[in-house]
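Asker: Can you keep this structure in mind? I'll have questions shortly.
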Number of protein chains: 2
Amino acid sequence: MAKEFVKDVTAMDEDFAKWYTDVVTKADLIDYSSVRGCMIIRPYGYALWDNIKNALDAKIKETGHENVYMPLFIPESLLQKEKDHVKGFAPEVAWVTHGGEEKLQERLVVRPTSETLFCEHYANIIHSYRDLPKLYNQWANVVRWEKTTRPFLRTLEFLWQEGHTAHATQEEAQEETLRMLNVYAQICEKYLAIPVLKGQKTEKEKFAGAEATYTIETLMHDGKALQSGTSHNFGDGFARAFDIKYLDKEGKQQFVHQTSWGFTTRIIGALIMVHGDNRGLVVPPRIAPTQVMIVPIAQHKEGVLDFAYDLKERLRKVARVEIDASDKKPGWKFNEYEMKGIPIRLEVGPKDIENKQVVLARRDSGEKIFVALDELEEKLPALLEEIQNDLYNKALNHREENTFTVQTLDAFKSQLENKQGFIKAMWCGDQACEDKIKEETSATSRCIPFDQEQVSHTCICCGKSADKMVVWAKAY
Amino acid sequence: MAKEFVKDVTAMDEDFAKWYTDVVTKADLIDYSSVRGCMIIRPYGYALWDNIKNALDAKIKETGHENVYMPLFIPESLLQKEKDHVKGFAPEVAWVTHGGEEKLQERLVVRPTSETLFCEHYANIIHSYRDLPKLYNQWANVVRWEKTTRPFLRTLEFLWQEGHTAHATQEEAQEETLRMLNVYAQICEKYLAIPVLKGQKTEKEKFAGAEATYTIETLMHDGKALQSGTSHNFGDGFARAFDIKYLDKEGKQQFVHQTSWGFTTRIIGALIMVHGDNRGLVVPPRIAPTQVMIVPIAQHKEGVLDFAYDLKERLRKVARVEIDASDKKPGWKFNEYEMKGIPIRLEVGPKDIENKQVVLARRDSGEKIFVALDELEEKLPALLEEIQNDLYNKALNHREENTFTVQTLDAFKSQLENKQGFIKAMWCGDQACEDKIKEETSATSRCIPFDQEQVSHTCICCGKSADKMVVWAKAY
Ligand SMILES: [Zn+2]
Ligand SMILES: [Zn+2]
């Protein structure tokens, strides 16, 4: 195959960061612009996000939530109402100081998240227990003034949904917090084929203003972790700061209990780094904008193109099928759609037509399968399901092979020097130990998993007795 | 019906502006926030927008466009590249001057529109005639620093889609410009039941940086006009400013020809002011989040609620049906869903069950119709269609009755003093006349309609010979 047809990608093992950048640009997911730290999400990247968004939006609605839209700006005084929250976000926000030719009397923040706006609105519309629960969500862009950025993983602006709910009781708020964490886990596991580790964040790592933060953590191909979705229980902290009260059935004023939860375009980074390989992206069938790409072989020969187009029309009923009938060489097309991670390539040429068959090439394994024409409607969806499951199992195996248990801080360090991954270790609960472990290893506590194991009896840092197993990792 | 159940709305004829504000708030479309000029779009308002958006997005995709996402910010230097464009927008933008604790070296504009970003991207990805056309669209929020604001009609931040395309020739760009204007017209007429007037903007009223701007203008209940969608042909003006060139088939460098077109949340203001009445909103069935609201009568009586729920399940297959089985009184429910403009109320009580019938009450006409239970699947969709058509025809009649032809400037003025509406009048083409007419009447030129009539032979302002008929109106 002529060199000019190949979009070169740095090998993963050679330079993982470079491989990542190559893939996001060469698979046409993003482009850079002259705005520092912001990316242009190109049609293929946006189609991926749209599919993820549609799957998640359906689940958000199924669980009783309604979509709303809040303003982009937050007045400085509003942001300052909840003191932990402002402390967490003020250092990393963009400030609007002028409107038109005029200097503003009060600066506005470009929303980094919208708790304060939802709280102000809730204080306005919640009066009685009959108004509860309020289960709102918004799809929006947010801005955080990051120093170093990488496409999808950390950008000044990103797209996300943020759910914000208000409940009569703390129990209901806690139920909601975990319900939505589980929704995120389902999206990752069932649609994105990415296994998740569920657990609670430590005090140090929790959200600014939250009582408790829960997270799903995923493991990338290079052994680094990615926080892939978080859900927060606010207790009544924001309600007290914003005076959100309701009259209960007994006629007594009560503060509401709140939650928030968010899922972002960052997940596309996870998708790339969990499933991708040296030939580019690998997209799980369920969220693939195109599931099957038909590449006609010897398409100048009579009847081939007509046959291929007819096939496309037939198969559109069972899968998202496209055809590339351009005059580019098949070799160029093979590379292009491998780079884009399209799950199945369907090749059909004069010989296949004669033999009443086509060739299906799996993107994930490279396997080529001959399928009789009249079996396609049955075999194609089955193969897509198989690929979906295989991708999940491969990712799960990778995570299991790269999850390590350590009993000492020395073992922790040498493990990370040898091979990165999830590190299970006991912790006494003292933040001083957490700080020290981070300082000495550069790994951060990812979460205290719901599924606890007593991997030893003492804190790997201070040696005191410990009953919490924490999973640690270097993280994106 | 007890007074306490009624959400009072100011009568339209008494104070149309107050009526509008009452409806947007009491139909739960929006709430205000502490951010000046920005609104909170509440669940019902957002559901309306979502339906409009889905209908338009489908047509945008059908016509071959792809969705992308561009950054929220535009560096000042980028905005300045096209001189008419920056002159038009610089006075009304929000400026970001600080990121975190730091003052930025270059100020950033919060996008008022994204031509400059698309141009920069196009310069980067268009090289050959094979790369054309590029047919991109984005759904996004934009900010314009307006002095006076009104919900939906004019807000600091609004939601919209902006299409941006690049073509090999001026002819193709012109075709695209008109194609998308027609798509907007279809959305208005077929989905929103709002008749549109299509035409070209004068030089004075065209978009900053455009060669030609086309518009759809709609007439509100009070006789004022609302610009409801615009489509611009840029020629190669932006291409020259941003150096967007391609190699044509003969190997020569050519500038591309571009278009842009936008449709915004402002259309919800049109929906309110075209169809609404003194009892609140009237929503056309095709974009109604709920088309039929079931209100059980005497629901405490045995069997009524079960019957109503069964009916809902049955009818969900033919319409978007909801049920209000709360313990609020039927009178409260009638008012509430009239205020929200739900096209049909379905009443069912013990007597109806006995008689194997239900009552359908039309929101638009107030008419009540008894329908036999076993005919509902047939009659309900037919009635929704009928309502949709009736709303369109009513709006069309209103527009025709409020479109006036004048031969002199005096007649123009006395018409507007008597009754507002679309004013057809001849114009010589001189901007001085356009300026003077605006100054003396407060009406602006809405467009030069595609359907021209020679309503007289001289300009109503200067008396010179004139061959352009312009439609004028006071406008939102
Ligand atoms: Zn310790
Ligand atoms: Zn004149």
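The values are calculated or read from the model by the stated rules, or taken from the named source; none is laboratory data. Note that the coordinates shown come from a computational prediction; the quantities given were computed from them, not determined experimentally. Please note: Cβ atoms are built from the backbone with ideal geometry, for glycine as well, and neighbour counts cover all protein chains shown.
Asker: Count, please, the residues in the range B:146-166 that happen to be at pLDDT below 95 and within 10 Å of chain A (Cβ to nearest Cβ).
Answerer: Matching residues across the range B:146-166 total 2.
Asker: Further, regarding this structure: Could you grab me the full set of residues in the range B:101-123 that are more than 9 Å from chain A (Cβ to nearest Cβ) and under 16 Å from A:Gly99 (Cβ atoms)?
Answerer: Matches in the range B:101-123: B:Val109, B:Arg111, B:Pro112.
Asker: Here's a follow-up. Might you let me know whether the range A:421-431 holds any residue that is within 16 Å of ligand 1 (Cβ to nearest atom), among the charged types (D, E, K, R) and under 30 Å from A:Arg154 (Cα atoms)?
Answerer: Taking the range A:421-431 as the starting set, the residues that turn out to be within 16 Å of ligand 1 (Cβ to nearest atom) are A:423-431.
If we keep only those that are among the charged types (D, E, K, R) too, we end up with A:424, A:430.
Adding the requirement that they be under 30 Å from A:Arg154 (Cα atoms) leaves A:424, A:430.
Yes, the conditions are met somewhere in the range A:421-431.
Asker: Still on this model: (1) closer than 30 Å to B:Phe118 by Cβ; (2) away from chain B (no Cβ under 11 Å): which one isn't true of A:His85, the others all being true?
Answerer: (1)
Asker: If the requirement is being on the phi > 0 side of the Ramachandran plot and surrounded by 18 or more Cβ atoms within 10 Å (Cβ to Cβ), which of these qualifies: B:Gly269, B:Gly303, B:Gly235?
Answerer: B:Gly235
Asker: To continue, here is another question. Could you check, for the range B:93-100, whether at least one of its residues is within 10 Å of chain A (Cβ to nearest Cβ), of a type outside the set (D, E, K, R), closer than 29 Å to B:Pro133 by Cα and in contact (Cβ under 8 Å) with a residue 40 or more places away in the chain? Write out each step before concluding.
Answerer: Quick first cut of the range B:93-100, residues within 10 Å of chain A (Cβ to nearest Cβ) only: B:93-100.
Still in the running and of a type outside the set (D, E, K, R): B:93-100.
Going one step further and asking which of them are closer than 29 Å to B:Pro133 by Cα, we end up with none.
The answer is no; no qualifying residue exists.
Asker: Same structure, new question: Scan (1) closer than 19 Å to B:Glu162 by Cα; (2) in a loop (DSSP other than H, G, I, E, B); (3) touching a Lys or Arg at 6+ places or on another chain (Cβ under 6 Å) for the single condition B:Ile74 breaks and write down its number.
Answerer: B:Ile74 satisfies all of (1) closer than 19 Å to B:Glu162 by Cα; (2) in a loop (DSSP other than H, G, I, E, B); (3) touching a Lys or Arg at 6+ places or on another chain (Cβ under 6 Å) except (2).
Asker: Still on this structure, please answer the following. Report every pair of residues separated by at least 6 positions or lying on different chains whose Cβ atoms are under 6 Å apart, first residue within the range B:448-464 and away from chain A (no Cβ under 14 Å), second in a loop (DSSP other than H, G, I, E, B) and more than 16 Å from ligand 1 (Cβ to nearest atom).
Answerer: B:Ser456/B:Gln407; B:Thr458/B:Ala466; B:Cys459/B:Cys428; B:Cys459/B:Ala466; B:Ile460/B:Thr408; B:Cys462/B:Cys428; B:Lys464/B:Cys428
Asker: When you scan the range A:163-235 for strands (runs of 3 or more DSSP E) that lie fully inside it, which ones turn up with 3 or more residues that are more than 26 Å from A:Asp467 (Cβ to Cβ)? Quick ask: steps written out before the conclusion?
Answerer: Working: elements: A:197-200, A:212-219, A:225-235.
Once the strands (runs of 3 or more DSSP E) in the range A:163-235 are filtered for at least 3 residues that are more than 26 Å from A:Asp467 (Cβ to Cβ), what remains is A:225-235.
Asker: Which ranges mark the helices (runs of 4 or more DSSP H) fully within the range B:352-465 that have 3 or more residues being of a type outside the set (Asp, Glu) and within 16 Å of ligand 2 (Cβ to nearest atom)?
Answerer: Working: elements: B:376-401, B:409-418, B:431-441.
It comes to B:409-418, B:431-441.
Asker: Right, something else. Please state which of the following conditions B:Thr113 fails to meet, knowing it meets all the rest: (1) surrounded by 20 or more Cβ atoms within 10 Å (Cβ to Cβ); (2) at pLDDT below 95; (3) in a loop (DSSP other than H, G, I, E, B).
Answerer: Evaluating B:Thr113 over (1) surrounded by 20 or more Cβ atoms within 10 Å (Cβ to Cβ); (2) at pLDDT below 95; (3) in a loop (DSSP other than H, G, I, E, B) leaves (2) as the failure.
Asker: How many of the residues in the range A:240-275 are over 15 Å from the mean Cα position of the chain (by Cα) and in contact (Cβ under 8 Å) with a residue 12 or more places away in the chain?
Answerer: Here is the first cut: in the range A:240-275, the residues over 15 Å from the mean Cα position of the chain (by Cα) are A:240-260.
Okay, now just the ones that are also in contact (Cβ under 8 Å) with a residue 12 or more places away in the chain, so A:240-249, A:254-260.
Of the residues in that region, 17 qualify.
Asker: For A:Ser456, indicate whether it is out of contact with any strand residue (DSSP E or B) (no Cβ under 8 Å at 6 or more places or on another chain), away from ligand 1 (no atom under 11 Å from the Cβ) and small (Gly, Ala, Ser). Quick ask: steps written out before the conclusion?
Answerer: Working: out of contact with any strand residue (DSSP E or B) (no Cβ under 8 Å at 6 or more places or on another chain): no; away from ligand 1 (no atom under 11 Å from the Cβ): yes; small (Gly, Ala, Ser): yes.
So A:Ser456 does not fit the description; no.
Asker: Looking at (1) out of contact with any Lys or Arg (no Cβ under 8 Å at 6 or more places or on another chain); (2) within 29 Å of B:Asn278 (Cα to Cα), can you tell me which one B:Leu416 breaks?
Answerer: (1)
Asker: Can you pull out the helices (runs of 4 or more DSSP H) entirely within the range B:249-348 that have at least 3 residues that are of a type in the set (Phe, Trp, Tyr) and out of contact with any Cys (no Cβ under 8 Å at 6 or more places or on another chain)? Give the derivation first.
Answerer: On the way: elements: B:266-275, B:304-315, B:330-339.
It comes to B:330-339.
Asker: Limited to the range B:124-139, what total is found for residues that are touching a Lys or Arg at 6+ places or on another chain (Cβ under 8 Å) and more than 9 Å from every other protein chain (Cβ to nearest Cβ)?
Answerer: Our first condition is that a residue be touching a Lys or Arg at 6+ places or on another chain (Cβ under 8 Å); within the range B:124-139, this holds for B:125-126, B:129, B:139.
In the following step, the residues that additionally are more than 9 Å from every other protein chain (Cβ to nearest Cβ) were identified as B:126, B:129, B:139.
So the answer is 3.
Asker: Mind listing whichever residues of the range A:210-232 are buried (at least 24 other Cβ atoms within 10 Å of the Cβ) and not polar (S, T, N, Q)?
Answerer: Across the range A:210-232, the qualifying residues are A:Ala210, A:Tyr214, A:Ile216, A:Leu219, A:Met220, A:Ala225, A:Gly229, A:His232.
Asker: So, one more: Could you list, in sequence order, all residues of the range B:278-336 that are closer than 23 Å to B:Ala47 by Cβ and among the small types (Gly, Ala, Ser)?
Answerer: Hits for the range B:278-336 are B:Gly280, B:Ala288, B:Ala308, B:Ala319, B:Ala325, B:Ser326.
Results for (1) within 7 Å of chain B (Cβ to nearest Cβ); (2) farther than 30 Å from A:Lys190 by Cβ; (3) of a type in the set (Lys, Arg), shown as yes or no for each residue.
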position	(1), (2), (3)
A:Tyr44	no, no, no
A:Leu48	no, no, no
A:Asn54	no, no, no
A:Asp57	no, no, no
A:Lys61	no, no, yes
A:Gly64	no, no, no
A:Gln80	no, yes, no
A:Phe89	no, yes, no
